[in-house]
1. With the checklist (1) of a type outside the set (S, T, Y); (2) assigned to a loop (DSSP other than H, G, I, E, B); (3) open to solvent by 80 Å² or more (accessible area, probe 1.4 Å) in hand, flag the one item P77 doesn't pass.
2. Find all pairs meeting these conditions: Cβ atoms under 7 angstrom apart; at least six residues apart or on different chains; first residue within the stretch 110-130 and on the phi > 0 side of the Ramachandran plot and touching a residue at least 12 places away in the same chain (Cβ under 8 Å); second residue among the hydrophobic types (A, V, I, L, M, F, W, C) and open to solvent by 40 Å² or more (accessible area, probe 1.4 Å).
3. Looking at the stretch 25-53, which of its residues are closer than 18 Å to T69 by Cβ, open to solvent by 40 Å² or more (accessible area, probe 1.4 Å) and in contact with a Leu (Cβ under 8 Å, 6 or more places away or on another chain)?
4. Where residues in the stretch 80-126 are open to solvent by 60 Å² or more (accessible area, probe 1.4 Å) and part of a strand (DSSP E or B), which of them is farthest from C42 (Cα to Cα)?
5. Out of curiosity, is S21 over 20 Å from the mean Cα position of the chain (by Cα) and not acidic (D, E)?
6. So the check is Cβ under 8 Å with 6+ separation or different chains; which pairs have a first residue in the stretch 61-81 that's within 22 Å of G35 (Cα to Cα) and a second one that's open to solvent by 80 Å² or more (accessible area, probe 1.4 Å) and assigned to a strand (DSSP E or B)?
7. Kindly evaluate V131 against the criterion of being closer than 26 Å to M9 by Cα and of a type in the set (V, I, T).
8. Does E57 qualify as being in contact with a Cys (Cβ under 9 Å, 6 or more places away or on another chain), open to solvent by 50 Å² or more (accessible area, probe 1.4 Å), part of a strand (DSSP E or B) and not β-branched (V, I, T)?
Amino acid sequence: MSVTLLITMCVLVGLLVFGMSLGVYVHSSPLLKRGVRTSAVCVNVGQVAAGSMLLLEYTPPGGPARQYTVGPFVFPPVRVGGRLEVIYDPKRPQEVSLPDRLPKSTRGLVISMAVSGAVLAACAVRIVVAVRG
């Protein structure tokens, strides 16, 4: 395997890990810091190739009802009319998640972003050295 191909693969893996970690961090961090738990009612169950999707509806205090789609589930945890607990961000009520789909903390996400950033920096240094040398 050539060095160029190896560096390219490292860059792609580093970008992928960094991007995924950043996306999860941006979504999860506000919910972990200031998230409010509430009960949501299942208003619809739809089918996709991977399983069932649930349309949940919850109402933040003083705000309009909001809907949130979650899934896919092989075995949906509730039927239409059933209730599930959700966590939403009071500053941005459209940001919502099921509690079991959130990480316990953001420490692992920050570590993975730092490691993937270090890999990207090392690849950048290696590319600069290869171009100059």
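The values are calculated or read from the model by the stated rules, or taken from the named source; none is laboratory data. Note that the coordinates shown come from a computational prediction; the quantities given were computed from them, not determined experimentally. Reconstructed Cβ throughout: ideal geometry from the backbone, glycine too, with neighbour counts over all protein chains shown. Note: accessible area is taken over every heavy atom of the protein model, side chains too, but ligands, DNA and RNA are not part of it. Shrake-Rupley method; radii C 1.70, N 1.55, O 1.52, S 1.80 Å.
1. (3)
2. Matching pairs, first to second residue: none at all.
3. S39, V43, N44, V45
4. R92
5. no
6. Qualifying pairs under 8 Å: R66/Q94.
7. Judged against the criteria, V131 is a match.
8. When the stated conditions are applied, E57 passes them.
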